[in-house]
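Novice: Please see the structure below; I have some questions.
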Amino acid sequence: FYEAVFGWTREPTTDPAMRLLMSDGIAIGHIVDHEPADPRVSEVQWLPSLAIDDPNVDPAAFDGSLLLSAITGPHGERLSVVADPEGAPVVLLGHSESWQGPRDLVSDGRFWVELLAENQQRVSVFYEVLLAYESRYAGSDPERYLLLTSEDKPRAGIVQKPWDDVASSWLIYVRVSSVAETLDKVAAAGGSVLLGPRTSSSGGRVAIVADPTGGVIAVQEQAEREHDDAD
């Protein structure tokens with residue numbers, strides 16, 4: 001599906017349950033086989049990886065919880081999976097000397113990551129303390145778009161979740177040249193359109209889609225302005 005829609009390719013790793021996703025020769029993520037605790041309930045989802053010096057931390061000290069203790073990945077990287085105070089899972093990704101990982105794909109415009117939260121301030125404190133991020137509201141948007149930044153670069157956004165029946169969760173945006181053409185590819189590859197397309201505050205088109213297994217991801221045309229003004 002992702003090869004047909006985005007042109008991504010897969011490479012094997014030392015872990016037979018994990019494949020490395022590549023885009024134009026750049027490692028952008030993994031697809032991991034997962035057995036749900038309840039086979040009647042889908043647990044398919046995309047998780048952003050946030051860079052951290054040492055993923056062997058105790059998120060309970062910051063009002064979060066530990067879902068997977070720090071392990072060594074197939075490239076020697078260290079990673080753990082934690083949940084923030086509202087239960088949204090996220091990967092904390094360290095690095096090894098031999099593999100630095102996809103540490104700056106947000107800043108180069110390939111992706112954007114956004115947390116749909118019940119309480120923006122509560123969860124922002126978690127990421128500020130855990131990852132030494134700084135937070136600030138962007139622009140004059142009445143919906144109060146909260147940016148998480150480090151080294152003067154935007155790393156993620158936090159928005160008030162728009163649907164009461166949707167749990168707090170991360171949404172990954174993929175930059176595409178044309179949302180309309182991408183949605184045609186999604187349909188042809190067996191996916192579905194969940195929301196949109198619509199025009200974002202940055203002037204580009206955006207839509208939310210699901211892959212054939214139910215994994216949700218957003219597609220967005222290249223914004224004409226920077227993240228400060230984007231949604």
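Novice: Working only within the range 1-32, note down all residues that are exposed (fewer than 11 other Cβ atoms within 10 Å of the Cβ) and not in a loop (DSSP other than H, G, I, E, B).
Specialist: GLU11, PRO12
Novice: Can I ask one more? Filter the strands (runs of 3 or more DSSP E) completely within the range 122-231 down to those with at least 1 residues that are modelled with pLDDT under 90 and either of a type in the set (A, V, I, L, M, F, W, C) or open to solvent by 70 Å² or more (accessible area, probe 1.4 Å) (or both). Talk me through it step by step, then tell me what you get.
Specialist: On the way: elements: 134-138, 145-150, 153-160, 169-176, 192-199, 205-210, 216-221.
Filter on the range 122-231 gives 134-138, 153-160, 192-199.
Novice: Here's another thing I want to ask about it. List pairs: first in the range 167-186 and under 11 Å from VAL209 (Cα atoms) and free of Cβ contacts under 8 Å to residues at least 40 places away in the same chain, second open to solvent by 30 Å² or more (accessible area, probe 1.4 Å) and part of a strand (DSSP E or B), Cβ under 9 Å, 6+ apart or cross-chain?
Specialist: Final answer for the pair search is LEU183/VAL193; LEU183/GLY196; LEU183/PRO197.
Residues checked against (1) at positive phi; (2) open to solvent by less than 50 Å² (accessible area, probe 1.4 Å); (3) not in a strand (DSSP E or B):
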| site | (1), (2), (3) |
| --- | --- |
| HIS34 | no, no, yes |
| ALA37 | no, no, yes |
| VAL44 | no, no, yes |
| LEU50 | no, yes, no |
| PRO55 | no, yes, yes |
| ALA70 | no, yes, no |
| GLY76 | yes, yes, yes |
| SER80 | no, yes, no |
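Novice: For the range 87-121, how many residues meet the condition of being at pLDDT below 80 and surrounded by fewer than 18 Cβ atoms within 10 Å (Cβ to Cβ)?
Specialist: First, the residues of the range 87-121 that are at pLDDT below 80: 95-109.
Then keep just the ones that are surrounded by fewer than 18 Cβ atoms within 10 Å (Cβ to Cβ); that gives 96-100, 103-104, 107-109.
Residues that pass the stated criteria total 10.
Novice: State the number of residues belonging to the range 57-68 that are open to solvent by less than 70 Å² (accessible area, probe 1.4 Å) and at positive phi.
Specialist: Counting residues in the range 57-68 that are open to solvent by less than 70 Å² (accessible area, probe 1.4 Å) and at positive phi gives 0.
The values are calculated or read from the model by the stated rules, or taken from the named source; none is laboratory data. Bear in mind that the values here come from a model prediction, so they are computed numbers and not experimental data. Positions of Cβ are generated from backbone atoms using ideal geometry, with glycine treated the same way; all protein chains shown enter the neighbour counts. With ligands, DNA and RNA removed, areas are computed over all heavy atoms of the protein, side chains included. Shrake-Rupley method; radii C 1.70, N 1.55, O 1.52, S 1.80 Å.
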